[in-house]
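Each value in this text was obtained by applying a stated rule to the coordinates, not by laboratory testing. For clarity, every value in this text was computed on a predicted model and none was experimentally measured. Positions of Cβ are generated from backbone atoms using ideal geometry, with glycine treated the same way; all protein chains shown enter the neighbour counts.
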Amino acid sequence: MYLSVRVDTEKCIGCKICITSCPEPNVFIFLPEQKLVEVNESRCKACGLCTTTCPKDALSIS
Amino acid sequence: MSKKIITPVASLAHILPEDYRDLVDRGPHGKSVGIKDLGSFKEITEEHPHCAGCGVSLGVRLALAALPAPEDTLVVGTPGCSFFALSQTALNYSNTAFGNQNSVASGLKRMLSIRYPDKDKDVVVMAGDGGIADIGLDMTLHSWFRGEKISTIMLDNEVYGNTGGQESGMSPEGQVLHMAPKGKNFKKIPVFEMARTAGCVYGAKVTIASPKRLGMAVNRAILLARELGPTYIQIYTPCPTNMKFSPADTLRIAKEAGRAHYAFEEFMTEEAAGRIAAMEGGQEVQED
C-alpha cells in the first residue's frame, strides 16, 4: 500500500505554495478555472513537505 | 540545439513515450515561463531517484524552472547528489570527472560561441558543495579569474550526501558528522566572498524556502553571464537523510537557516547593477 498526498478540494484555494515546495516534478497540476490543485499520485513520494506549507490545511498524507 | 529537434514526425508520434509527447505539447521550450507558472506546464525535470523530502532535488527543480531559455541551455554537472536529477532532465547535460565541471564548462562555452556566434547559448554549472568548494575549488576559482562567461550554481547541502554523510568543507563549524565525530573543527569555506574577490560580476546566496528569490537570482545570473562575465549562486538545500531530520522538516530547517547563517545576500558590480535595472525596470521581489 503506497502513501500519497490527497487534496481536500473544499479547503484548497489554489495559492500554489505547495507546487513550489514539492521536490518532485509534475506532481501538482494547477487547474486555473477551478482554482485548485490536482495530484498525480503515482509520482508522489509522500515526504509531507507540502502539508507543512499549506496555509489552509487542505493537504494530507494518506 | 535547434528547437525543432524536439518536434516528432506526426506519423511516429503515437510510438513515443507519453512523457515525451507531453513535453512537446506542454513543455517550457520557446515560452517565457518561470517559477510562478509551475504546475501549468510540463517541467523539464523528470522523475528522479532522490530521497523523499530532498532539498537538492527541490533546488534543482526550482533552478531549472527559472532558466530563461531551457532549449539553449547546457548544464554541466559533476558526481554527487545533484546529478541524479540533472542526468534525467530534458536538457543538454554533460557530466564530468569530479571537480572538473568549471573547466569543461569554460571549453564548452568557448566552443558554442564559435559555433553559434549569433545566438546566446547559456552554459550553467550545477554541482554540489563537494564538487565546487572541496575537490573542484581550483578549477572553479580559475574559471572566475579568467572571466569565463558561465554561471555557477552551488547546491549546498553542507554534507557529502551521496557517500553517506561525511564532513564537507561547507559544513558549519561544530557539526557532528561521519569523519567528524567530535564536530567539525574549522569554519565553512567562504566561497561566496571568494567569488566576489575572484571577479564574479553577480553573486547571490538563497535558500530553497524562498523560491521567488531563487528564481530571480538564477534568471539574473544567467542573463548577466551572457554578456558580462562569471556569476555565482549558492543555494542552501538541506539533506534530511544525512542530517537526520524528518523529510517534512526540510523547509522549516531551510527557513531557520535563512534567518541565521544563510540570510539572503547579493553582490554585483556597478555595470551589472545597471543591466539589472534596465532588464527589470526596478521591480523588487518580495518573499512571503
- request: List, in the order given, every pair from B:Lys109/B:Lys212; B:Lys36/B:Lys205; A:Lys16/B:Lys109; A:Lys11/A:Lys45; B:Lys31/B:Lys212; A:Lys45/B:Lys187 whose Cα-Cα distance in the structure shown is over 25 Å.
  value: B:Lys109/B:Lys212; A:Lys16/B:Lys109; A:Lys45/B:Lys187
message: Viscosity 1.002 mPa s, temperature 20 °C: give me the Stokes-Einstein translational D for the stretch B:45-280 in µm²/s, with Rh taken as the Kirkwood radius over C-alpha pairs.
response: 122 µm²/s
query: For the protein assembly as shown, what are the per-bin percents of Cα-Cα distances with bins 10 Å wide, up to the bin holding the maximum?
result: 5, 25, 35, 24, 9, 1, 0
statement: Ranked on Cβ counts within 10 Å of their own Cβ, fewest leading, B:Ile208, B:Ile253 go B:Ile253, B:Ile208
Sorted by Cβ neighbour density within 10 Å, fewest at the top, the residues B:His48, B:His261: B:His261, B:His48
Within the protein assembly as shown, helix-based [θ] at 222 nm, where runs of 4 or more DSSP H residues each add -39,500 (n - 2.57), nearest 500: -8500 deg cm²/dmol
task: Arrange B:Met243, B:Met216, B:Met111 by Cβ neighbour counts within 10 Å, fewest through most, would you?
output: B:Met111, B:Met243, B:Met216
message: Over 13 Å apart: what share of the alpha carbon pairs of the stretch A:5-61 falls there, rounded to a whole percent?
response: 52 percent
message: Quick check: pseudo-label points 7 Å beyond the Cα along Cα→Cβ at B:Glu227 and B:Ala263, how many nm apart are they?
response: 3.2 nm
Binned Cα-Cα distance frequencies in the stretch B:7-54 - 10 Å width, integer %: 21, 42, 30, 6, 0
